[in-house]
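The structure under discussion appears below in the form of structure tokens.
The values are calculated or read from the model by the stated rules, or taken from the named source; none is laboratory data. Since this is a predicted model, take the numbers as computed values, not measurements. Cβ sites come from the backbone with ideal geometry, for glycine too, and all protein chains shown count toward neighbours. Side chains are part of the model used for accessible areas, which takes the heavy atoms of the whole protein and leaves out ligands, DNA and RNA. Shrake-Rupley method; radii C 1.70, N 1.55, O 1.52, S 1.80 Å.
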Amino acid sequence: MYEPSRHIATFFIAGFQHWDGALLLPELGPGTRLELVPEPDNPHDPDAVAVCLDRRKLGYVPKTHNALPALLMFYGHRILELRVLQVDPEADPWEQVRVGLYVADAR
């Protein structure tokens with residue numbers, strides 16, 4: 001039976017306050033699809049996966065959740081989806097955008 005996607009993890013975007021998150025907050029809403037961009041040459045974490053909207057960096061997948069996406073993307077699998085679940089402009093900057101990571105059904 002076809003399933004459009006399966007939930008893997010929920011998290012806040014790491015480093016949101018250090019990138020373009022505040023500038024892009026008005027463009028984010030529940031259901032907004034975000035891009036996952038691997039950064040294997042990142043000097044702080046070889047498993048770093050950036051979170052972007054229209055090629056503008058919002059932050060990163062937290063280190064506690066980035067191993068699987070980094071591994072799948074390293075081997076060329078583009079089966080992951082990242083979608084905004086909740087936006088709270090009044091929250092602390094590092095908790096303003098909660099996202100869900102999903103594996104898409106490619107059958």
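For the reader, a short list of remarks on this structure follows.
- The one condition in (1) open to solvent by less than 40 Å² (accessible area, probe 1.4 Å); (2) free of Cβ contacts under 8 Å to residues at least 60 places away in the same chain; (3) over 14 Å from Thr32 (Cα atoms) that Asp47 fails to fulfil: (1)
- Test: Ala50 is within 19 Å of Gln86 (Cβ to Cβ), under 14 Å from the mean Cα position of the chain (by Cα) and part of a strand (DSSP E or B): no
- All positions within the range 21-43 that are open to solvent by 70 Å² or more (accessible area, probe 1.4 Å) and more than 18 Å from Arg78 (Cβ to Cβ): Ala22, Leu23, Pro26, Glu27, Pro30, Asp41, Pro43
- Arg56 vs. criteria at pLDDT 95 or above, open to solvent by 50 Å² or more (accessible area, probe 1.4 Å) and at negative phi: yes
- Criterion violated by Lys63 - all others in (1) open to solvent by less than 90 Å² (accessible area, probe 1.4 Å); (2) assigned to a loop (DSSP other than H, G, I, E, B); (3) at pLDDT 95 or above satisfied: (1)
- Residues that are within 13 Å of the chain's Cα centre (by Cα) and open to solvent by 30 Å² or more (accessible area, probe 1.4 Å), drawn from the range 87-101: Arg98
- Residue match in the range 33-41 (condition: assigned to a helix (DSSP H, G or I) and modelled with pLDDT of 90 or more): no
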